[in-house]
Amino acid sequence: MKVAIGCDDNALQLKEAIKDYLDEKGYEVVDYGIYEQAPADYPKVAFKAAKGILNGEAERGILFCGTGIGMALAANKVKGIRAAQTHDAYSAQRAELSNHAQIITIGAQVVGIELAKVIVSNYLDQHFTTEGRGKNSARKIDEISTIETEQGVEEK
């Protein structure tokens, strides 16, 4: 599986640690930046990664900023993307199983490296299904897509 990653300047160390972890686990990593410690705004990175997922450059994404909130807000502005802020194993599992989120976000000032590894594993190990309870989740995801289309939500 190809996994997109990206961060702002608050989360470079965590992104690099998770990048190494993903490499060790055999994932192909597509890194959308940043690559060195310098001021960086999270919207640009979130937009690039989200668009990369929509374009098939990666199947899922993990974005990092100080809290995870900004990256989630920015990525969710890209039409067709569902990004979920995660801070524990359960929220990471449900991001995929209940919401079929293409992206999770993690806050480097909230979560340490070892917990981030658990979060990432719990997210990537899940696979959305429309069977069983997944039927209800699929219906809700369709509702979100319909609202997105009807409201004319557009990427900038």
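The values are calculated or read from the model by the stated rules, or taken from the named source; none is laboratory data. Just so you know, these numbers come straight off a predicted model, no measurement behind them. Surface accessibility is based on the protein's heavy atoms, side chains included, excluding ligands, DNA and RNA. Shrake-Rupley method; radii C 1.70, N 1.55, O 1.52, S 1.80 Å.
Observations, loosely collected:
- For the options ASN136, ASN99, ASN122, a Gaussian network treatment of the chain with springs between C-alpha atoms closer than 10 Å singles out ASN136 as fluctuating the most.
- Accessible-area composition of the chain, carbon plus sulfur, in percent [1.4 Å probe]: 49
- The chain, relative contact order in percent, only Cα pairs under 8 angstrom and at least six apart counted: 23
- Choice from ILE53, ILE18, ILE144 with maximal GNM fluctuation in the chain (Cα, 10 Å cutoff): ILE144
- The stretch 1-72 and the stretch 112-133 have Cα centres lying 16 Å from one another.
- Gained length - GLU150 relative to THR130, 0.36 nm times residue gap less alpha-carbon distance: 4.8 nm
- Within a straight-line Cα-Cα reach of under 27 Å, LYS19 can be paired with the following lysines, leaving aside sequence neighbours fewer than 8 residues apart in one chain: LYS2, LYS44, LYS48, LYS51, LYS77, LYS79, LYS117.
- Accessible area per residue in Å² at 1.4 Å probe, computed on the chain: 52
- 25 °C / 0.890 mPa s Stokes-Einstein diffusion coefficient of the chain, Kirkwood radius on C-alpha pairs, µm²/s: 160
- Helix axis angle, 113-124 relative to the chain longest principal axis, alpha carbon, degrees: 30
- Taking HIS87, HIS127, HIS100 as the candidate residues, the one with maximal mean-square fluctuation in a Gaussian network model of the chain, Cα springs under 10 Å, is HIS127.
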